[in-house]
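The values are calculated or read from the model by the stated rules, or taken from the named source; none is laboratory data. Quantities reported herein were computed from a predicted structural model and do not represent experimental measurements. Neighbour counts are summed over all protein chains in view; Cβ atoms, including those assigned to glycine, are modelled from backbone coordinates with ideal geometry. Only protein heavy atoms, including side chains, enter the accessible area calculation; ligands, DNA and RNA are left aside. Shrake-Rupley method; radii C 1.70, N 1.55, O 1.52, S 1.80 Å.
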Amino acid sequence: MRQTDKIDQGQKTRLLHVGSTVKVKAQTVAPPLQRGSTVLMPDARSLYDYAQTSYGRQGLSMQEALAEAIGELEGAGSPARLFPSGLAAITATLQALLKNGDEILAVGCAYGPSRRFCEGVLKRYGVTTRYFPAVASPDEVMALAGPSTRLILLESPGSLTFDIQDIPAIAAAARARNILTVIDNTWGVGLLYEPLALGVDVSLQALTKYVSGHSDVFMGSACARDPYILDQIDAFLRDFGLGVSPDDAYFMLRGLRTLEVRLKRHGENALKVASWLEDQPEVHQVLCPALPSAPGHDLWKRDFKGLNGLFSVVLAPAPAAKVEAFIDSLELFGLGFSWGGFESLAIHCDPQLKLRPDKPAFDGPVIRLHVGLEDPDDLIADLRQALDAYVS
């Protein structure tokens, strides 16, 4: 008989529980990383005490630390609610707050997948969506609201074209009509823009972008001050079984530690690159709200605290082949969707702009740039040689 065969049943039981009561003996900078589905409750009464965490999907130490930090970042006064992605935060929040027969007013420059969800899933469940242009005044927006309007979906700056809306005025007018306002605040990321302080009911983020900062983790968040709204979102999270992993929360919390210093560098680099682009003969317009020449600059200067690395540029008219030549000539700018990481990126926006309800018209192709943490002079040199290819 082998030595291992001599282990009795009691020993086997003890082996199964080895390490289950290990105590943390050293304090680390980051909170302890707990992985677990089952949560051991201290006594029988606690099993049905819903004020306690009773299952790992609800979030353990790392998720709780991140939720508290994001809530503080957004000025919510309570922890954020976390979702597996930014899009999940948007779609779940809308479903949590809407019912059959309701209507949404959505800004036309909203994130494309958000519009797709409204026009597809919500429509199938009896929720109507109507769009208004980003340049609409608060009075014009509210003139569209009817008796079934339940919610206004906002995004400022708007996706791809960086339209700035008068969010405080829209939020105040909506509140007077008992209409909720929900904003995608991924660009403003809490540090640059504080929608809740401006009267918005719910602020959403794709933490995937700047909070992560390294283009390798998906997550989203929702922040609100109204307990009723939070209860509705909590119920949706519970009923649909949504949660985030402790490892992903760990990486998000790590990215959050350097958010302020990264954003400052992104903003400085972007402003230098955008200002340079504005002087190039091949460029017709730079859609960067920090530039005095950009549409909505006065509102941006009033409400925002700074710039990040994301903006668009309108090139001089040229055939499609020249647009591809410009894109393909870039060496430091990678070609890819998303943004917010350390790296610079570029995409051609026209195929997406054609799908927008407001169909914005520019006199040349629109290129979105994410200016990363590289040396801005190197990025300028890369853009210069790409512009040379554009006109050659």
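The Cα-based radius of gyration and maximum Cα-Cα distance (Dmax) for segment 102-244 are 14.9, 44 Å. With Cβ to Cβ distances under 13 Å as the rule, what net charge do the other residues near F132 carry (K, R +1; D, E -1)? Around F132, the charge tally is -4. At the residue level, V211 shows approximately 0 square angstrom of accessible surface with a 1.4 angstrom probe and all protein chains present.
Take each peptide in 312-322, 219-229, count the other Cβ atoms within 10 Å of every residue, and average; sorted highest first, the result is 219-229, 312-322.
Summing Lys, Arg as +1 and Asp, Glu as -1, what charge do residues with Cβ under 12 Å from the Cβ of A294 carry, A294 excluded? So the environment of A294 carries a net charge of -2. To put it simply, the accessible area of segment 50-132 at a 1.4 Å probe is 50 percent carbon and sulfur.
Taking R0 as 41 Å, what's the FRET efficiency between L355 and D247 from their Cβ-Cβ distance, rounded to 0.05?
Given R0 = 41 Å and the Cβ-Cβ separation, E is 0.70.
Kirkwood radius and radius of gyration were both taken over the C-alpha atoms of segment 222-349, and their ratio Rg/Rh is 1.08. Taking 14 Å as the straight-line reach from the Cα of K123, the aspartates and glutamates in range (excluding those fewer than 8 positions away in the same chain) are D102, E103. Across the options L94, Q34, G71, the greatest Cα extent toward the positive end of the charge dipole of segment 29-99 (unit charges at beta carbon of Lys, Arg, Asp, Glu) belongs to L94. How high is the FRET efficiency from V261 to V121, r the C-beta distance, R0 30 Å, rounded to 0.05? That pair, V261 with V121, gives E of 0.15. Taking 7 Å steps out from each Cα toward its Cβ at A176 and Q280 produces label points 4.5 nm apart. For T161, the accessible surface of its heavy atoms amounts to roughly 10 Å² (probe 1.4 Å, protein chains only, rounded to the nearest 10).
Per residue, the accessible area of the chain comes to 49 Å², computed with a 1.4 Å probe over protein heavy atoms only. Computed with a 1.4 Å probe over protein heavy atoms only, the accessible area of Y250 comes to about 80 Å². In this calculation the C-beta distance from V391 to R302 is compared with R0 = 51 Å, giving a FRET efficiency of 0.85.
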